Amino acid sequence: MLATTAARPPGGSGWAFEFKWDGVRAVVAVAGDRIRLTSRLGNEVTDGYPELAGIGALTHGRPALLDGEIVTLDEAGRPNFNLLQDRMHVRHPTPELRARVPVWFYAFDLLLLDGRSLLHAPYEERRAHLDELEPTGRVQIPPSFSDVTGDQLLDIARRHGLEGVVAKRRGGRYEPGRRSPAWLKTALSRRQEVLIGGWTVGEGRRARTFGSLLLGAHDENGGLRYLGHVGTGFSDAQLDQLMARLRPLTRPTSPFDENVPREHARHARWAEPVLVGEVEYRVITRDGRLRHASWQGLRPDRAPDEVVLPAS
């Protein structure tokens with residue numbers, strides 16, 4: 001179940017509010033001492049996060065299906081998507097990598113327990129069952145609030161450097177595979193999912209990789225529109241990893257369904273637009289470009305056809 005974007009949290013007593021966690025979505029199936037982690041796109045990722053093997057202790061081995069977020073925490077204890085990048089593409093992480101970039105699972109919904117489906121149960125009932133479980137090890141149950149307003153919780157999120165707030169209709173059922181208005185997300189930072197349609201040739205210390213990535217998103221007719229470029233926010237490791245992913249995707253012509261400005265097209269190398277990334281930006285210009293964009297990372301949990309233009 002996916003959330004719909006809202007400019008501000010809704011009012012009224014029919015909503016509960018949770019913090020928005022900056023990580024990678026996963027559903028966890030538990031049966032005895034066995035677990036299975038599945039990404040939002042349906043890929044099994046269990047082996048990539050071996051430290052989460054103890055999730056079964058949360059339900060004492062009772063059959064269950066949990067929805068939540070895999071996160072990495074920064075020094076202040078806040079989920080940080082950029083740090084998680086070093087884990088997202090590794091199928092069998094080494095002990096050194098696991099120690100350097102540890103992960104946690106934040107369980108925020110319970111879809112099945114003891115063989116009983118909770119999909120049609122209201123959010124309040126699902127949440128009550130979830131709150132009866134006892135967090136353990138690398139598994140946490142983040143709080144849900146119904147005694148504060150969404151604006152109050154958003155202000156708390158702002159002061160603590162969190163990503164935003166998700167409002168959930170207290171009587172709403174769980175709707176798998178749907179972007180539902182029963183879940184409304186309000187983000188504090190402006191972020192946009194993008195498709196990489198090419199790159200510009202790097203210079204100096206970036207001569208081996210690239211200068212910037214050329215970004216796009218689909219319009220309402222499915223055309224790929226140019227959103228601008230991003231040249232900041234990359235670690236050296238990310239530069240090398242992205243270049244390795246882009247080289248096999250090279251194509252002779254631009255994938256964009258409009259002209260790319262000459263200053264970018266002149267030094268461009270074009271790529272099949274299948275890699276999904278995320279950038280943070282300040283504003284959208286009148287000609288539809290992302291201004292002051294900063295790279296946040298690849299989004300392997302997103303499908304290319306999901307990437308659409310930002311709302312005006």
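Quick test of your reading of the structure: residue 189 fulfils all but one of (1) modelled with pLDDT under 95; (2) over 25 Å from residue 158 (Cα atoms); (3) not in a strand (DSSP E or B). Name the failing condition by number.
Looking at each condition in turn, residue 189 falls short on (2).
For (1) within 30 Å of residue 235 (Cβ to Cβ); (2) in the same structural domain as residue 184 (by TED's automatic domain parsing); (3) part of a strand (DSSP E or B), each residue gets a yes or a no:
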site	(1), (2), (3)
87	yes, no, no
102	yes, no, no
107	yes, no, yes
119	no, no, no
127	no, no, no
151	no, yes, no
165	yes, yes, yes
168	no, yes, yes
171	no, yes, no
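Of all residues in region 232-290, which are of a type in the set (S, T, N, Q) and under 22 Å from the mean Cα position of the chain (by Cα)?
Residues satisfying the conditions are 232, 235, 238, 241.
For residues that are among the aliphatic types (A, V, I, L, M) and either touching a Lys or Arg at 6+ places or on another chain (Cβ under 7 Å) or modelled with pLDDT of 95 or more (or both), tally how many sit in region 127-140.
Number satisfying all stated conditions: 2.
Mind checking which residues of region 129-149 are of a type in the set (A, V, I, L, M) and assigned to a helix (DSSP H, G or I)? Explain how you work it out, then say what you get.
From region 129-149, those of a type in the set (A, V, I, L, M) are 130, 133, 139, 141, 148; that's our starting set.
Of everything in region 129-149, just one residue is of a type in the set (A, V, I, L, M) and assigned to a helix (DSSP H, G or I), namely 130.
Only one of (1) among the aromatic types (Phe, Trp, Tyr); (2) under 30 Å from residue 294 (Cβ atoms); (3) in contact with a Gly (Cβ under 7 Å, 6 or more places away or on another chain) is not met by residue 183, so which one is it?
That leaves (3) as the condition not met.
Being touching a residue at least 12 places away in the same chain (Cβ under 8 Å) and either under 27 Å from residue 175 (Cα atoms) or touching a strand residue (DSSP E or B) at 6+ places or on another chain (Cβ under 6 Å) (or both) is true for just one of 61, 54. Which residue is that? Walk me through it before giving the result.
On the way: 54 fails: either under 27 Å from residue 175 (Cα atoms) or touching a strand residue (DSSP E or B) at 6+ places or on another chain (Cβ under 6 Å) (or both).
Residue meeting the stated conditions: 61.
Restricting attention to region 291-301, and to residues there that are of a type outside the set (D, E, K, R) and either in a loop (DSSP other than H, G, I, E, B) or modelled with pLDDT under 90 (or both), which single residue is farthest from the chain's Cα centre (by Cα)?
Among residues in region 291-301 that are of a type outside the set (D, E, K, R) and either in a loop (DSSP other than H, G, I, E, B) or modelled with pLDDT under 90 (or both), the one farthest from the chain's Cα centre (by Cα) is 292.
Kindly list, by first and then second residue, each pair from a residue in region 213-229 that is part of a loop (DSSP other than H, G, I, E, B) to a residue that is modelled with pLDDT of 95 or more, limited to pairs with Cβ atoms under 6 Å and residues at least 6 apart or on different chains.
The qualifying pairs are 219/225; 223/257.
Any residue at all in region 161-178 that is without any contact (Cβ under 8 Å) to a residue 60 or more places away in the chain, over 30 Å from residue 262 (Cβ atoms) and not charged (D, E, K, R)?
Among the residues of region 161-178, at least one is without any contact (Cβ under 8 Å) to a residue 60 or more places away in the chain, over 30 Å from residue 262 (Cβ atoms) and not charged (D, E, K, R), which makes the answer yes.
Applying the selection to region 251-277, what residues are touching a residue at least 40 places away in the same chain (Cβ under 8 Å) and either in contact with an Asp or Glu (Cβ under 7 Å, 6 or more places away or on another chain) or basic (Lys, Arg) (or both)? Please lay out each step first, then the result.
In the first step, residues of region 251-277 are kept if they are touching a residue at least 40 places away in the same chain (Cβ under 8 Å); the result is 254-256, 260, 264, 267-271, 273-277.
Answer for region 251-277, where residues must be touching a residue at least 40 places away in the same chain (Cβ under 8 Å) and either in contact with an Asp or Glu (Cβ under 7 Å, 6 or more places away or on another chain) or basic (Lys, Arg) (or both): 255, 269, 276.
Okay, residues lined up against (1) in the same structural domain as residue 184 (by TED's automatic domain parsing); (2) surrounded by 16 or more Cβ atoms within 10 Å (Cβ to Cβ):
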| site | (1), (2) |
| --- | --- |
| 5 | yes, no |
| 15 | yes, yes |
| 30 | no, yes |
| 50 | no, no |
| 56 | no, yes |
| 76 | no, no |
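Can you name the residue in region 230-257 that is at pLDDT 95 or above and part of a loop (DSSP other than H, G, I, E, B) and, of all such residues, is farthest from residue 193 (Cα to Cα)?
The residue in question is 252.
Quick one: would you say residue 115 is in contact (Cβ under 8 Å) with a residue 12 or more places away in the chain and either assigned by TED's automatic domain parsing to the domain that holds residue 14 or in contact with a Pro (Cβ under 6 Å, 6 or more places away or on another chain) (or both)?
yes
The values are calculated or read from the model by the stated rules, or taken from the named source; none is laboratory data. Everything numeric in this text was worked out from a predicted model, so none of it was measured. Every residue, glycine among them, receives a Cβ derived from its backbone with ideal geometry; neighbour counts consider all protein chains shown.
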